[in-house]
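Reviewing the structure listed below.
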Amino acid sequence: MVKLLWSGVVMVMLLSGCGWDGTPTRKNDFIPLTSIEIVADSPTIAVSRTIAKNTSTTLSVKGNFSGLYTSDVTDQVVWTSDTPAVAGFAVASVPNRVSGLIPGSTTLTATVGNVTATFNLTVSDATITEMTITPVNPTITKGSNMQFVVNGTFVDPATSDTTTQDLTFDASWLSSATEVATVGVTAANKGLAHAVATGTATISATFDGVTRSSLLTVTEPVLQSIAVTPANPSVLTLSSEPFKATGTYSDGSAVDLTSQVAWSSSNAGIATIASSGTASTLTQGNSTINATLDGVSGSTILKVTGGNLTGIVPSVAAITLVKGTVARISATGTFSNSTTRDITGVVAWSAANTAVTVTAPGGNLAWLNASAVTPTSVPTIITAKYGTFTATTTVTVTAPTLQSIAISQTSLDLTAGTSSRLTATGTFKDNNGTITTQDVTASADWTSSAATTASVGNAGLAKGRVSGATAGSGSATITATYGGKSASTAVTVRTRIIQSLTMSGPASAAAGNMVSFTATASYIDGTSKDVTEDATWTIDTPNVALLADSQNQPGQIVAVAPGSATFSASFGGMSKNATVIIQ
Amino acid sequence: MSHRYDITVPSLFRWRGLTKGRNAMRRTIQMIIALFLPVLLCGQVNAQHSGPYVGAFIGGNALMKAKSSDDKGTFSLTFDPALQGNAVLGWDLPPGSSAGEGRIELEYSRRSNPLDKETFAEGSFAGGGNVTAESLLLNCYGVFHDKTLWAPYLGIGAGVVRIKASDLTVAGQPLSNDSDVVFAYQVGTGIDITLTDHLSLDLGYRFFGSTRPQFTEVNGRKFYMDYLSHSAVFGLRVGF
């Protein structure tokens, strides 16, 4: 076996390439330039070496390198004219353009290093007899350009010779409606029209009193491409991922087309996508998300990770609640890659009858609401369902008499700017004299005697959560009232100076698993406080790991795909990072 | 053990009337086959050597087409293959060594490749001159011994190399004449054939590379070039 593997290694090495296969970009300047040749860019000029007065042409220079090769060296040339009054190089931005000024002859010289060449140019007294402009009445889209060209026909009065010259550079250009289209008038862009807005504009060129025009029609910009973002995201199964389609038009504008494009997923078994652009992931794998509009498409690859759902486990299999109370319930998904995570916000909750209802306000949060007594033998069945997977919880609702309530702590020392949770427990007695207790934190009414010093949450998951004012010290009494019974806790808020912030949690996690971190603040007076719920949590690479539920599950992340992510906690002006490796 | 050299290959020595170069090449091939055939055909393995050894190798070297670049762009250098020579001084680890079975050695090698052509944006031009690399590497090889005649090995090495661009020319015009010392590395594999308790034949392949040496062009510019080569070598190691 070792020798077999060794043979494979040898083969790989032998096939490991034969060197660079790129395209050279460097010019060979090691070979001496031995001669140059001047060529007029207009074939007509090349033959006659004559231009009409007040016209111009460009010249190019071809270099011969020791007879081995030729190359254009125009950009290295220094130009001179022995009779500048007849023709000269007057355009600084186009040094190889020679302009005829008055009738006569001149010798033009090109010099590259110590190599020279000459070109005899005649400037005639020819006058223009006809001029044409092209293209004729074109149509372009907003944002695009169109190069107009004018050619003139000249007749030399001395010889009656007729010649044709490109006058694009020598003519003066004008647009009748610059708000629709502009036209270039500089040496670098003469005759180049740019479509600014829809409409029409007449583009005119004038030379020696002769004017020719072309009607330019500008239409709406054309969609050229669609970009789908986020690009190539990794997303857990049983999740939602909103995509955005951004179209780029011929005028360079970018438009959000999310609601206009037709969305599709190449593999509906892996992910489906709604017309809004939000994809719902079902099973592991890759699916291409396409956005199409007017025959133009854009796409990205959605990678679905985290295993396929194999089962649902409720947080409690059976529970007894007092009529009128609420209790939190959750569902955990088990997945094919041996991971588990909270899917409370994903499953569909239902109750078999109206004695108990389930409300899911968002995130991974769901509440059982006990509204009517159920017969002992017929509890209400609560079902959590996703696809073909279901899990049930039986809820029995009774109506015992409330005897008293108590708060978990009789006093609370709270650092300014932090929070702590209090729980309220009710003690009940039924008709048989049986005493039972139940957590009524979420059912009680919570108040504070001095909310500016210490406030207390009184809605949803915040019930019983006492928060000390950001600055300042003082005391307050927190009262929980339920069923006409009350209990109180004395809260003292103290200002402490934070010394350090620490963060603890696992260094690694498997894709699909949910892991928890805690943040602890240490103060100068030697005390410390778990501030996991008070810290601000962020993560830098959502394709690798993302926040589980920033509202209901602070400090928790869900591993998405292999990689490394930096998880950060910020509190009291301090921050702490932890690198999490997702396997 | 001594019976291993009884086989002769008379037909291999019948070539006549060939050119000098061909004769030299064929004599080399004859020697290789004469050395290898008995080994491949015979039976038992000699005792595995441990301790110090010296060795000498010769082989063919193909320097890969090199990307070269300066502040004016990139161009390529293509080289002719050439001979190379290596000398090694090392230590065979004993069987069952805690470091594994294999050897550690110090290797000097020299390879000099003629520049065949340069390719610029305008095309290719005849080259001239040589690029010579003299390296000193520390190599570590793992050897996979079993009860057969030959044992494959695989290893890596690292060290330094002095690369000299000697009178490089482009179509007869000077390009560079300079040298540089850079980091070098090597991956090697091959087979060890134990001839006697103290003598072994090595037939190997080497992939040799370095960080990019910098040379001065005739016009004063600096250019960097790749240096990556494939080599096939054979040689003898004598243990003590």
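Contact map, the range A:345-362: residues that are touching a residue at least 12 places away in the same chain (Cβ under 8 Å) paired with residues that are surrounded by fewer than 16 Cβ atoms within 10 Å (Cβ to Cβ) and part of a loop (DSSP other than H, G, I, E, B), Cβ distance under 6 Å, separation 6+ or inter-chain. Pairs shown: A:ALA355/A:ALA372. Of the strands (runs of 3 or more DSSP E) that lie entirely inside the range A:74-187, those containing 3 or more residues that are touching a strand residue (DSSP E or B) at 6+ places or on another chain (Cβ under 8 Å) and among the aliphatic types (A, V, I, L, M) span A:104-112, A:115-124, A:127-134, A:149-155. Checked against (1) surrounded by 18 or more Cβ atoms within 10 Å (Cβ to Cβ); (2) in contact (Cβ under 8 Å) with a residue 24 or more places away in the chain; (3) assigned to a strand (DSSP E or B), A:VAL313 passes all but condition (1). Of all residues in the range A:294-310, those that are at positive phi and surrounded by 17 or more Cβ atoms within 10 Å (Cβ to Cβ) total 2. Taking the range B:131-240 as the region of interest, the strands (runs of 3 or more DSSP E) fully inside it that hold 1 or more residues being closer than 21 Å to B:ARG111 by Cα, of a type in the set (Phe, Trp, Tyr) and in contact with a helix residue (DSSP H, G or I) (Cβ under 8 Å, 6 or more places away or on another chain) are B:199-210, B:228-239.
Within the range B:64-80, the set of residues being at the interface with another protein chain (Cβ under 7 Å from one of its Cβ atoms), touching a residue at least 60 places away in the same chain (Cβ under 8 Å) and either within 19 Å of the chain's Cα centre (by Cα) or under 14 Å from B:ALA126 (Cα atoms) (or both) comprises B:MET64, B:ALA66. Filtered by the rule that a residue be over 27 Å from A:GLY345 (Cβ atoms), outside any strand (DSSP E or B) and modelled with pLDDT under 95, the range A:227-259 gives A:SER250, A:ASP251, A:GLY252, A:SER253.
Does B:LEU195 satisfy the condition of being surrounded by 16 or more Cβ atoms within 10 Å (Cβ to Cβ) and more than 11 Å from chain A (Cβ to nearest Cβ)? So B:LEU195 fits the description; yes.
Out of the range B:198-219, which residues are over 16 Å from B:PHE183 (Cβ atoms), among the hydroxyl-bearing types (Ser, Thr, Tyr) and touching a residue at least 40 places away in the same chain (Cβ under 8 Å)? Matches in the range B:198-219: B:SER200, B:THR216. The condition of being surrounded by fewer than 18 Cβ atoms within 10 Å (Cβ to Cβ), more than 38 Å from the chain's Cα centre (by Cα) and modelled with pLDDT under 90 holds for only one of A:SER473, A:SER528, A:SER488, A:SER550, that being A:SER473. Give just the number: which of (1) more than 19 Å from B:MET64 (Cα to Cα); (2) hydroxyl-bearing (Ser, Thr, Tyr); (3) modelled with pLDDT of 95 or more; (4) over 20 Å from the mean Cα position of the chain (by Cα) does B:THR148 not satisfy? Every listed condition holds for B:THR148 apart from (3).
I'm checking my understanding of the structure. Among residues of the range B:118-134 that are over 23 Å from A:SER66 (Cβ atoms) and surrounded by fewer than 22 Cβ atoms within 10 Å (Cβ to Cβ), which one is farthest from the other protein chains (Cβ to nearest Cβ)?
B:GLU134
Just to be sure before I move on: is A:GLY333 out of contact with any Cys (no Cβ under 6 Å at 6 or more places or on another chain), at positive phi and outside the structural domain of A:ALA462 (by TED's automatic domain parsing) in the structure I sent? Against the criterion (out of contact with any Cys (no Cβ under 6 Å at 6 or more places or on another chain), at positive phi and outside the structural domain of A:ALA462 (by TED's automatic domain parsing)), A:GLY333 does not qualify. If only residues of the range A:562-583 that are in contact with a Lys or Arg (Cβ under 9 Å, 6 or more places away or on another chain) and surrounded by fewer than 22 Cβ atoms within 10 Å (Cβ to Cβ) are counted, the one that is nearest to A:VAL544 (Cα to Cα) is A:SER568.
Between B:LEU137, B:LEU115, B:LEU175, B:LEU168, which is over 23 Å from B:HIS230 (Cα atoms) and surrounded by 21 or more Cβ atoms within 10 Å (Cβ to Cβ)?
Working: B:LEU137 fails: over 23 Å from B:HIS230 (Cα atoms); B:LEU115 fails: over 23 Å from B:HIS230 (Cα atoms); B:LEU168 fails: over 23 Å from B:HIS230 (Cα atoms).
Selected residue: B:LEU175, the only one of B:LEU137, B:LEU115, B:LEU175, B:LEU168 that is over 23 Å from B:HIS230 (Cα atoms) and surrounded by 21 or more Cβ atoms within 10 Å (Cβ to Cβ).
Just one of the listed residues (A:THR206, A:THR198, A:THR178) is in the same structural domain as A:VAL136 (by TED's automatic domain parsing), of a type in the set (S, T, N, Q), modelled with pLDDT of 95 or more and more than 21 Å from A:SER99 (Cβ to Cβ), namely A:THR178. Of the strands (runs of 3 or more DSSP E) that lie entirely inside the range B:54-121, those containing 3 or more residues that are within 22 Å of B:GLN214 (Cβ to Cβ) span B:66-70, B:73-79, B:102-120. Right, B:GLY235: assigned by TED's automatic domain parsing to the domain that holds B:PHE79, in contact with a Lys or Arg (Cβ under 9 Å, 6 or more places away or on another chain) and of a type in the set (Gly, Ala, Ser) or not? For B:GLY235, the condition - assigned by TED's automatic domain parsing to the domain that holds B:PHE79, in contact with a Lys or Arg (Cβ under 9 Å, 6 or more places away or on another chain) and of a type in the set (Gly, Ala, Ser) - is not met.
Looking at the range A:499-509 only, could you name the residues that are out of contact with any Lys or Arg (no Cβ under 7 Å at 6 or more places or on another chain) and either surrounded by fewer than 16 Cβ atoms within 10 Å (Cβ to Cβ) or in the same structural domain as A:ASP342 (by TED's automatic domain parsing) (or both)? Quick ask: steps written out before the conclusion?
Just the residues of the range A:499-509 that are out of contact with any Lys or Arg (no Cβ under 7 Å at 6 or more places or on another chain), to begin with: A:499-500, A:504-509.
If the condition is that a residue be out of contact with any Lys or Arg (no Cβ under 7 Å at 6 or more places or on another chain) and either surrounded by fewer than 16 Cβ atoms within 10 Å (Cβ to Cβ) or in the same structural domain as A:ASP342 (by TED's automatic domain parsing) (or both), then A:GLN499, A:SER500, A:SER504, A:PRO506, A:ALA507, A:SER508 are the ones that fit.
The values are calculated or read from the model by the stated rules, or taken from the named source; none is laboratory data. Only a predicted model underlies this, so the values are computations on that prediction, with no experimental measurement involved. Note that we place each Cβ from the backbone using ideal geometry, even for glycine, and neighbour counts take in every protein chain shown.
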